[in-house]
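Down below is the structure, laid out as structure tokens.
The values are calculated or read from the model by the stated rules, or taken from the named source; none is laboratory data. Quick caveat: nothing in here was measured; it's all calculated off a predicted structure. Cβ coordinates were reconstructed from backbone atoms using ideal geometry, including for glycine residues, and neighbour counts include every protein chain displayed. Each accessible area value is taken on the protein alone, full model and side chains, heavy atoms only, with ligands, DNA and RNA left out. Shrake-Rupley method; radii C 1.70, N 1.55, O 1.52, S 1.80 Å.
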Amino acid sequence: MRSLLRRFIACVARLTPAWARREFQAEWDAELETAWAPAAGRSWRDRASVAARALGSIPDAWFLIRQQWSLDMLMQDIRYALRLMRQRVGYTAVVIVTLALGIGANTAMFSAIHAVLVRPLPFKEPDRLVMIWENDRLNRKPRYAVAPANFDDWRTQTHVFEQIAAYLAQSGSITGAGEPFHATVAAVSANFFDTLGVTPALGRPLTPADGVPPNHRVLVLSDAAWRTHFGGDPNVVERTVQLGGMPYRIVAVMPVGFAFPDRTIDIWRPFPFRPDLLAIRAQHFLTVIGRFKRSASLEQARIDVESIAVAAQKKYPQTNEQRGTTMVPLQEAIVGEVRSPMYLLGAAVGLLLLIACANVANLMLVQGSSRVREMAVRAALGADRFRIARQLLIEGTLLALVSGAAGVALAAAGTRALTRLAVDYVPRITDVRLDPAVLAFALAVSLVTGVFFAFAPALRASRSNVQRDLREGSRGAIGSGRWLRNALVVSEVAAAVVLVTAAALLLESFWRVLQVRPGFATTEVLTVETESSEKYQQDAQNRQFYTDLLARLSAVPGVHAAGVVNNLPLSGQGWTAWLTIENRPRPLGEPPEVGYRVATPGYLSAMQIPLLQGRWISDGDTADSIKVIAVNKALADQFFPSGNAVGSRVRLGPNPKAPWRTIVGVIGNVHHAGPEVEPAPEAFEPFTQDSFGDLTLVVRAEGDRAAIATAVRSVARTVDPSVVLWRMQWMDGILDDHLAPRRLSLLLVEGFAVLALGLALLGIYGVMSFAVSERVPEIGIRMALGAAPAEIHQMVIRDGLRLAIPGLVTGAALALVVARLARNMLFEVSPGDPIAFATVAIGVLGVALIACYVPARRAARVDPLTAIRVE
């Protein structure tokens, strides 16, 4: 029994920390001997009491284990880690800066992704809100504006929806509120705000009676418009202003932050859905939102609306035969287009953080190699492997937490800069803020990275050979971690290759977009949107105003041409109309739709659009002359492939009694939707034969831009002081604005790629420098035996390329996968573009050579005698 108790004490001793194990077993062996001697000749009960006494070793061991992980010992480790940080200022600064860049970039990007893609919309139960479009199956358009009659069918026949509302974006000038201003207006159905579940901050919500003329002349202000144009007056409710020359009464002000359908909306007004308007099925211009019932699902809502559309197809085959419905959650409809680019940027900053962690882990491995003797002494004095590993993990975690704090500061600055850059292109970007969720993310990233880059050094230190390390110090333990350092460098090179390849593909794609000829002049062209006063309600008066305006502008020095058009290229707006060709059978369902624009004779010259065939609109094409039309090359090629477009007659619109129009000319294609979008078929009617109320002025002029803009304003005021001019822009600026989202994504990825490449360079340089330092004796012997400096150069560079090439190959394979996933962001560039991959390969190998050059040069200057003497 005595030997059995000794074995029990030995087993319990193995549970205690290494520093207390020997003393613990000695004390309990002595305790056992002391207690056993008096009980040796007694009864079994005395011996059993000794055995029960031996069980006291278990709580004693538990006390020592708790001491091992006690708060006091933990604070000792923390204080020691802080002393080391103060002593190694350079190393600490490099680690903090490296990690702060990675954590800051990730925190900023997470805050953007969380605000734009994850955070629920600021509406009541937003998961029940959807956006509904028609889809045009004939022309393969999955999201198409809704006809008023179809909208009316949905809201009156649905069994699943609580509310279905519609809106239409418009514009108008506001007078009677001090200085006149132009406003972006949303004409909405009376249940619009009820559908969203939003109530005004001031005043009353819209009611069904507000949608019935003449009660519809009421306005709801946005918070920004209320503060900017009405001075935040709390008595603004019930005030009367003029919108488009007609009196409207202000009934409400919306809360701060409410912005729907987008942040540009200044005013909402009820849309008077009169019976004649709700009978229209051939014209599509509404956007529809809906809120389905709590008892229903998204799929049930989709089936419900689609069943109504199928019934309309049978009942109204002439207009609805090829019309179905498309429904998506409202949040997806708002942010769906930016989801892929934001996830790509999120993956990019994630790779950047991995590279930073790998770099820091390498630094800690190198630093740990210089602390081999220290760790051996600790182990010899009784510290077990867990205590040593804990010390290194605490050091890494402290560095990561300090880096995380610095990263949060960088993220705060980065989110502000990102918001300013992307406010016009990314929906909900103004909601980005460092809220508790973002700060929790930053803390989690900091802790995870601290454990990540400290894990490898801690694992290596916990497996050290105490006797060897005490005898040989860092010299004997250096080589044992070489494979891990090399693996980390290969991984960060691979991650850098993925980022640099993505940047190269985006850069080539952007360059190809810039090479596309948009079909119109992008320099020396000034555009101004106009809004005529109420006295130009008659077509003849409206035509006369623009005729006088263009005549006076043409006489301004420096002006070469001037014209007007209803929708400008790259404006994001455009009308479409049915196209019916004379003497051709009508296709099934709706006729094909083409772009429909109204212009004046000077428009073609002002925009420098080439005339390919026939003639352009002329001053002789008056309201009383033969109805004419000009078409673009895309329309002529699609509908008149034999080349007989000029002289053919077509009809635009659904009215079978509308006059036939003779095609008098074919002009070059214009990329109205952007250089990356193929030109669609378009038709141009003379302004004198189909006038619009408000048009965009286009002036081609050379000279000082500010002087030209001033002259245009002066001439317009001379013709009529009441005319509102707004959104005055030069055409090259409009093109820049259109390309800005693509440019922003490119700049961000390029910036991350440059940082990744720089970190990879530092990683290779650090490993090669340390490799040279550990091989100094070997290099000295080589040189003593006759090796030339050039051979030493080649040896070091060869070792560096052995790290770079596997990383390059692995990264290229991963980059090909990433590029295929993001192919929709590329324009005329294949995901495996050989030019991009070859450029990246040359660049990465060049960076590797640069990183190896300084260590190779230092190795070639090693003094053989000094190196051998040190050895």
Q | Sites Gln76 and Phe181, calculated FRET efficiency, Cβ-Cβ separation with R0 51 Å, nearest 0.05 | A | 0.15
Q | 5 angstrom amide H check on Arg615, placed H, neighbours 5+ away | A | Gly665, Val666
(Q) Quick check: residue separation of Ser830 and Leu514 times 0.36 nm, minus the Cα distance between them. What number comes out in nm? (A) 112.1 nm
Q: Sort 324-334, 94-104 for me by packing, meaning the mean count of neighbouring Cβ atoms within 10 Å per residue, highest on top.
A: 94-104, 324-334
(Q) What translational diffusion coefficient, to the nearest whole µm²/s, does the stretch 706-767 have by Stokes-Einstein, given a Kirkwood radius computed over alpha-carbon pairs, a temperature of 37 °C and 0.692 mPa s viscosity? (A) 206 µm²/s
Q.
Between Ile58 and Val89, how high is the FRET efficiency from 1/(1 + (r/R0)^6) when r is the Cβ-Cβ distance and R₀ = 41 Å? Nearest 0.05.
A. 0.30
Q | Pairwise label distance in nanometres, Ser554 with Val817, each label 7 Å out on the Cα-Cβ vector | A | 6.4 nm
Q.
If packing is taken as the average count of other Cβ atoms within 10 Å, what order do 561-568, 174-181, 766-773 fall into, highest mean first?
A. 561-568, 766-773, 174-181
**Q.** Globularity ratio of the stretch 766-842, using Cα Rg and 2.2 N^0.38 Å
**A.** 1.68
Q.
Could you work out how much longer the chain between Val451 and Leu801 gets when fully extended? Use 0.36 nm per residue separation minus the Cα distance between them, nm to one decimal.
A. 123.0 nm
Q: Sketch the reach of a paramagnetic label on Ser307 as a point 7 Å from Cα along Cα-to-Cβ, and name the residues of the stretch 156-179 whose backbone nitrogen lies under 16 Å away.
A: 156-162
**Q.** With DNA, RNA and ligands ignored, accessible area of Ile850 (1.4 Å probe; Å², nearest 10)
**A.** 110 Å²
Q) For Ala279 and Arg143, FRET efficiency with R0 = 25 Å and r from the beta-carbon atoms, rounded to 0.05? A) 0.55
Q: Figure the gain on full extension for Arg649 and Glu582 (residue separation times 0.36 nm, minus the Cα-Cα span) and round it to one decimal in nm.
A: 23.6 nm
Q.
About the Cα centre, and with charges only on the beta carbon of Lys, Arg (+1) and Asp, Glu (-1), how big is the dipole of the stretch 536-643? Nearest 20 debye, please.
A. 160 debye
Q | Set of lysines with alpha-carbon distance to Lys124 below 16 Å, sequence-local pairs under 8 removed | A | Lys293
Q.
Using the basic label-point model (7 angstrom from Cα toward the beta carbon), what is the Ala784 to Arg420 distance in nanometres?
A. 6.2 nm
Q) According to the Cα gyration tensor, what semi-axes, each the square root of 5 times an eigenvalue, does the equivalent ellipsoid of the stretch 139-321 have, listed from largest to smallest in whole Å? A) 33, 18, 14
Q: With a point put 7 Å past each Cα toward its Cβ, work out how far Ser642 is from Ala437 in nm, to one decimal.
A: 6.2 nm
(Q) Using only the heavy atoms of the protein chains and a 1.4 Å probe, how would His229, His182 rank by accessible area, largest first? (A) His229, His182
**Q.** Long pairs among Lys314/Lys627; Lys141/Lys627; Lys141/Lys314; Lys141/Lys657; Lys315/Lys627, criterion Cα-Cα beyond 24 Å
**A.** Lys314/Lys627; Lys141/Lys627; Lys141/Lys657; Lys315/Lys627
